[in-house]
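A quick write-up on the structure given underneath.
The values are calculated or read from the model by the stated rules, or taken from the named source; none is laboratory data. Everything quoted here is computed from the prediction, not taken from an experiment. For neighbour counting, all protein chains shown are included, and Cβ atoms are generated from backbone atoms with ideal geometry for every residue, glycine included. In case anyone asks, the SASA skips ligands and DNA or RNA and just uses the protein heavy atoms, side chains included. Shrake-Rupley method; radii C 1.70, N 1.55, O 1.52, S 1.80 Å.
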Amino acid sequence: MESKNISQESLAEEIKKLKEEKGAVIMAHYYQRDEVKEVADFIGDSLALARKAAETDARIIVMCGVHFMGETAKILCPDRKVIIPDANAGCSLADSCDPVEFEKFTSAHPDHTVISYVNTSAAVKALTDIVVTSGNARKIVEALPADEKIIFGPDHNLGEYINSVTGRSMLLWNGACHVHDRFSLEAIVEMKKAHPGAKVLVHPECRRPLQIIADKVGSTAALLDFARTDDAKEYIVVTESGILFDMRKACPEKTFLAAPAQDAECQCNECDYMRMITLKKLRDALRDEKPEITVDAEVAAKALRPIERMLAMS
Ligand code: 13P
Ligand code: SF4
């Protein structure tokens with residue numbers, strides 16, 4: 001986290017002024033840096049950000065999140081300027097689904113309904129029948145007839161979770177998030193030994209064994225809600241550690257422990273893409289009204305239908 005000093009405070013002031021002058025709304029995902037969330041007008045999970053974008057009448061939407069979130073906002077609001085403070089803020093999960101390869105996969109199963117996680121490029125959404133987020137995937141799959149054949153992509157772990165709770169046998173694309181896919185079961189079991197009363201909160205992008213040992217599996221917003229309403233005093237949080245800021249703010253009397261991700265390549269439980277957005281980049285983006293998110297009109301028209309279907313079904 002960037003340390004809170006005078007210059008951060010003056011950046012925050014500048015951001016507030018610029019935002020008002022320009023009629024902009026600042027939206028931030030829970031995984032953003034704490035200081036970015038502090039200046040945001042709205043903080044949410046992927047579903048809430050999409051819903052909010054669909055509703056806003058602001059002239060400019062500043063998306064403090066990753067690129068696919070900005071694209072989703074732009075597809076929903078083509079007449080608004082959508083800016084993202086760092087255009088390189090991508091997503092390893094979205095990158096794990098190349099549209100050309102995905103089209104080959106879906107074309108090989110033409111009798112299947114194609115469901116894509118919101119963590120995809122606009123090009124993949126354009127090949128999709130219904131978009132889902134981790135906050136509504138179960139509800140949307142359950143609303144489809146029991147015998148409907150379904151392709152689900154790109155997150156394999158989320159797909160396995162939805163198959164397990166709905167009893168479906170969706171065909172799964174083999175994609176993953178480099179943060180969530182690397183949480184270690186062994187490390188969580190060790191933490192649980194040291195904190196036997198702690199409940200384990202797991203994002204469904206984590207591997208199946210972690211989903212199985214969880215007290216609660218859910219989207220970032222669902223985990224936060226659970227922590228708010230549950231009666232335990234301590235929680236082990238198995239998702240990107242940015243959410244701990246929101247959990248501690250919502251429940252100052254409870255203890256939240258960040259789960260470590262441990263393997264040879266990655267020791268970290270932070271999404272380096274989400275953390276690319278800093279207060280300075282946010283100030284610059286508001287001042288210069290760039291980098292702007294653009295989506296090819298034909299792709300956007302095709303991608304809009306499955307996003308609207310999601311919003312109507314959730
Ligand atoms: P939510 O849908 O819970 O916001 O999480 C998706 C995610 O991983 C954002 O990167
Ligand atoms: Fe993508 Fe994973 Fe980062 Fe979420 S946490 S934006 S899924 S790379």
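Observations on the model:
- The chain: C-alpha gyration tensor shape, a/c 1.5 cut-off, then a/b vs b/c: oblate
- Exceeding the 19 Å Cα-Cα cut-off - candidates LYS192/LYS254; LYS74/LYS302; LYS37/LYS216; LYS16/LYS290: LYS37/LYS216
- In this label model, ARG305 and ASP215 are separated by 4.5 nm, measuring between points 7 Å along each Cα→Cβ vector.
- Solvent exposure of the chain amounts to 43 Å² per residue of accessible area, where only protein heavy atoms count and the probe is 1.4 Å.
- Under 5 Å, built H, 5+ apart or other chain: amide partners of VAL82: ILE61, ILE293
- Figure note: ARG80, ARG138 ranked by solvent-accessible area, largest first, 1.4 Å probe, ligands and nucleic acids not counted: ARG138, ARG80.
- Under the combined filter of DSSP loop state and at most 15 neighbouring Cβ atoms within 10 Å, region 1-63 retains these trypsin sites (Lys or Arg not before Pro): LYS4, ARG59.
- Heavy-atom surface analysis with a 1.4 Å probe gives region 218-314 a carbon and sulfur content of 50 percent of its accessible area.
- Here region 38-189 has 48 percent of its accessible surface on carbon and sulfur atoms, given a 1.4 Å probe and all protein chains in place.
- Distance between the modelled labels on PHE42 and ARG228, one decimal in nanometres: 1.6 nm (7 Å Cα→Cβ projection).
- DSSP finds beta bridges in region 168-312, and of those with both partners inside it, around 10 percent are antiparallel.
- 3J(HN,Hα) along region 116-125, derived from phi through the Karplus expression 6.51 cos²θ - 1.76 cosθ + 1.60 where θ = phi - 60°, amounts to 10, 5, 4, 6, 9, 6, 4, 5, 6, 4 Hz, with x in place of Gly and Pro.
- Residues in region 273-302 that a label on SER10 would reach, taking backbone N under 20 Å of a point 7 Å out along Cα→Cβ: 278-288
- Interchain or long-range residues, amide H under 5 Å from ILE43's placed H: ALA28
- Across region 94-109, computed HN-Hα scalar couplings (Karplus, 6.51 cos²θ - 1.76 cosθ + 1.60, θ = phi - 60°) run 4, 5, 7, 10, 6, x, 5, 5, 5, 5, 4, 5, 5, 5, 6, 9 Hz from first to last residue, x flagging Gly and Pro.
- Counting Lys and Arg as +1 and Asp and Glu as -1 over every other residue whose Cβ lies under 9 Å from the Cβ of ALA53, the net charge comes to +3.
- Computed per residue of the chain from DSSP H runs no shorter than four, each worth -39500 (n - 2.57), the mean residue ellipticity at 222 nm is -12500 deg cm²/dmol.
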